[in-house]
1. Is there a residue in segment 171-179 that is without any contact (Cβ under 8 Å) to a residue 40 or more places away in the chain and over 12 Å from the mean Cα position of the chain (by Cα)?
2. Please find, among 182, 229, 238, 223, the residue that is modelled with pLDDT under 95 and surrounded by 19 or more Cβ atoms within 10 Å (Cβ to Cβ).
3. Cβ contacts < 6 Å: first residue of a type outside the set (Lys, Arg), restricted to segment 73-97; second residue open to solvent by 60 Å² or more (accessible area, probe 1.4 Å), any location; separation 6+ or different chain. Result?
4. If you scan segment 22-54, which residues turn out to be open to solvent by 50 Å² or more (accessible area, probe 1.4 Å) and either aliphatic (A, V, I, L, M) or modelled with pLDDT under 85 (or both)?
5. Tally time: how many residues in segment 140-159 are farther than 23 Å from residue 92 by Cβ, open to solvent by 20 Å² or more (accessible area, probe 1.4 Å) and in contact with a Lys or Arg (Cβ under 7 Å, 6 or more places away or on another chain)?
6. Is it true that some residue in segment 123-137 is open to solvent by less than 50 Å² (accessible area, probe 1.4 Å), acidic (Asp, Glu) and not in a helix (DSSP H, G or I)?
7. So which pairs qualify, if the first residue must be in segment 26-39 and touching a residue at least 60 places away in the same chain (Cβ under 8 Å), the second must be surrounded by 16 or more Cβ atoms within 10 Å (Cβ to Cβ) and aromatic (Phe, Trp, Tyr), the Cβ gap must be under 7 Å, and the two must be at least 6 apart or on different chains?
Amino acid sequence: MRPSTASAPPLGRRRLGPPRDRLRGRLLRPYAALGQRFGPQHWWPSRTPFEIAVGAILAQHTAWENVERALRALRARRLLVPRRLGALAPVARAGLIRPAGTYRVKARRLRWFVDFVQARLGGRMARLRWEELGGLRAALLAVPGLGPQTADTILLYAGRRPVFVVDAYLRRVLARHRLIRPRASFEAVRALVEAHLPADPGLFNEYHALLVAVGKRHCRTRPRCRGCPLRFDLHGRPPRAI
C-alpha cells in the first residue's frame, strides 16, 4: 500500500484551541437583533430587591398592570420590607394584593417567602448576591408556591445572579427557531442557554426582557412573523405565519 501523499494543512490555517461554539452565535445574533429593534428594556421595574421578589410572586398568572396596582397599595403603606409585610394580618395582606388575582393564595405565598428571607437570609435580601448559588436556588424552590420561573426571576433580578429565566416566550422562540425541541424540559432549556451564553447577569436580564417584548408583539401562540426582527433567523418556512 502506498503511503498517503496528503499533507497536513499549513500551521497558519489550522484551527487551534477548542472548536467554535456555533450555538452561542445562534443565541447572540437574535439578542443583537432584538436590542436593535426594541432598545434597552430597563427591567425589573421595581425599586428594591424585596419589591422585585414580591412582584415576581404577584406576577404569577396575571398581567403586569395588575401587579403594579397591588405593589402601589403595598408601597403606599410602607409594607415592602420583609418584617412589616410578614407582621401584617393574613386578611389585610390578601386584601391589599387583591388586584393581582388569586389573592388569598398569593398572600400565603408572600408569607412563606418572608419566612424564607428571615430564616435563610437573616432578613437581608443582599445575601441573595453571594450565597452559594446551587444551594440557594434549591432553598428557594423548596418555598411553597415558588416554581422554577419565579425562583429564577428572584435570583436574576433581585440577586443579580447568572440564572436565565425560562418562560413561555423563551421556549416558544427557541422552539420555532429550531434551537430546542418543543417539549424540552424546563431544566434542559435553562441548562442549554446557560451553557452557551456568557454567565453575565446583565446579559441574561436584558435578553429575557427582550424575549418578552418580541413574544408579546410577534411570537405569540399564533405567530405574527411579518415585521419580526427575528424572521431572518427562521430556517425554512415560518410556522403558520400571519
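The values are calculated or read from the model by the stated rules, or taken from the named source; none is laboratory data. Fair warning: this is a prediction, and the values are worked out from it, not measured in the lab. In this analysis, Cβ positions are derived from the backbone assuming ideal geometry, glycine residues included, and neighbour counts consider all displayed protein chains. Accessible surface areas use protein heavy atoms only, side chains included; no ligands, DNA or RNA. Shrake-Rupley method; radii C 1.70, N 1.55, O 1.52, S 1.80 Å.
1. In the first step, residues of segment 171-179 are kept if they are without any contact (Cβ under 8 Å) to a residue 40 or more places away in the chain; the result is 171, 174-175.
Retained after the next criterion (residues that are over 12 Å from the mean Cα position of the chain (by Cα)): 174-175.
Checked against the condition, which is being without any contact (Cβ under 8 Å) to a residue 40 or more places away in the chain and over 12 Å from the mean Cα position of the chain (by Cα), segment 171-179 yields at least one hit.
2. On the way: 182 fails: surrounded by 19 or more Cβ atoms within 10 Å (Cβ to Cβ); 229 fails: modelled with pLDDT under 95; 238 fails: surrounded by 19 or more Cβ atoms within 10 Å (Cβ to Cβ).
Checking each option against the conditions leaves just 223.
3. 94/104
4. Of everything in segment 22-54, those that are open to solvent by 50 Å² or more (accessible area, probe 1.4 Å) and either aliphatic (A, V, I, L, M) or modelled with pLDDT under 85 (or both) turn out to be 28, 32, 45.
5. Count: 0.
6. yes
7. 31/207
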